[in-house]
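Enquirer: What follows is a single structure, and I will ask about it in a moment.
Rule-based calculations on the coordinates, nothing more; no lab input. As the structure is a prediction and not an experimental result, all values here were calculated from the model. Here Cβ is always computed from backbone atoms with ideal geometry, including for glycine, and neighbour counts include all displayed protein chains.
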Amino acid sequence: MYVNGTANGVPISTLIDTGATVTLLSEKVFDILNRDGNIALTEIDLNILSVTGTHRNNFGKSLIKFKFGKKIIYQTVLVSDINVDAILGLDCLQNNKGVINLHDKTLVLGGETHSLKFEGRIGCFRIITSNTLSIPSQTEMITTGKVVVPDNEKM
């Protein structure tokens with residue numbers, strides 16, 4: 001789920017992630033914003049794990065001006081090697097009284113309503129393996145398997 005806005009005046013598409021405790025900005029977007037070298041990037045000593053449990057490269061933190069509709073938010077972000085423009089985390093959502101309405105496909109920030117866009121396929125498929133498989137938390141495992149797709153759906 002994404003909301004369109006700007007970061008320091010540059011158009012971005014921002015992933016809304018209630019599982020992210022902090023707000024992240026991609027290194028690529030930061031480099032665009034900082035072409036003139038005017039944005040301070042403060043070093044941080046913090047390890048961030050991705051949803052897969054792998055460590056993210058963090059390049060520092062910075063204060064960024066986000067604008068969603070008419071709502072302006074000054075938010076400290078971690079600049080990281082993410083593959084989306086930005087990730088709006090719980091820190092920003094909580095500080096700005098964020099409310100996600102999945103039925104109406106809207107996000108309310110500080111009393112202002114914004115349209116959400118949904119990308120990617122929403123669904124859940126059963127995975128079958130030939131043996132019992134235990135995958136420890138915060139790890140990844142590659143194995144062979146068969147994806148069972150219901151008769152009325154396509155993958």
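Enquirer: In terms of modelled amide H atoms, which long-range or inter-chain residues lie less than 5 Å from the amide H of Ile12?
Expert: The list, which skips near neighbours in sequence, is Gly5, Thr6, Ala7.
Enquirer: Additional query: Under 14 Å from the Cα of Lys97, which aspartates and glutamates turn up, not counting those fewer than eight places away in the same chain?
Expert: By straight Cα distance, Lys97 reaches Glu112.
Enquirer: Mean separation of Cα pairs under 8 Å and 6+ residues apart, divided by the residue count of the range 63-104: what relative contact order is that in percent?
Expert: Normalised by residue count, the contact order of the range 63-104 is 23 percent.
Enquirer: Additional query: Taking the Cβ of Pro11 as the center, what net charge do the other residues with Cβ under 12 Å away carry, scoring Lys and Arg +1 and Asp and Glu -1?
Expert: Combined, the nearby Lys, Arg, Asp and Glu give 0.
Enquirer: Under 18 Å between alpha carbons, and skipping anything fewer than 8 positions from Lys28 in its own chain: which aspartates and glutamates qualify?
Expert: Cα-Cα hits under 18 Å: Asp36, Glu43, Asp81, Asp85.
Enquirer: Another one. Check Thr23: other-chain or 5+ apart residues with amide H under 5 Å from its amide H, H built from backbone geometry?
Expert: Distant-sequence amide H within range of Thr23: Leu78, Gly89, Asp91, Cys92.
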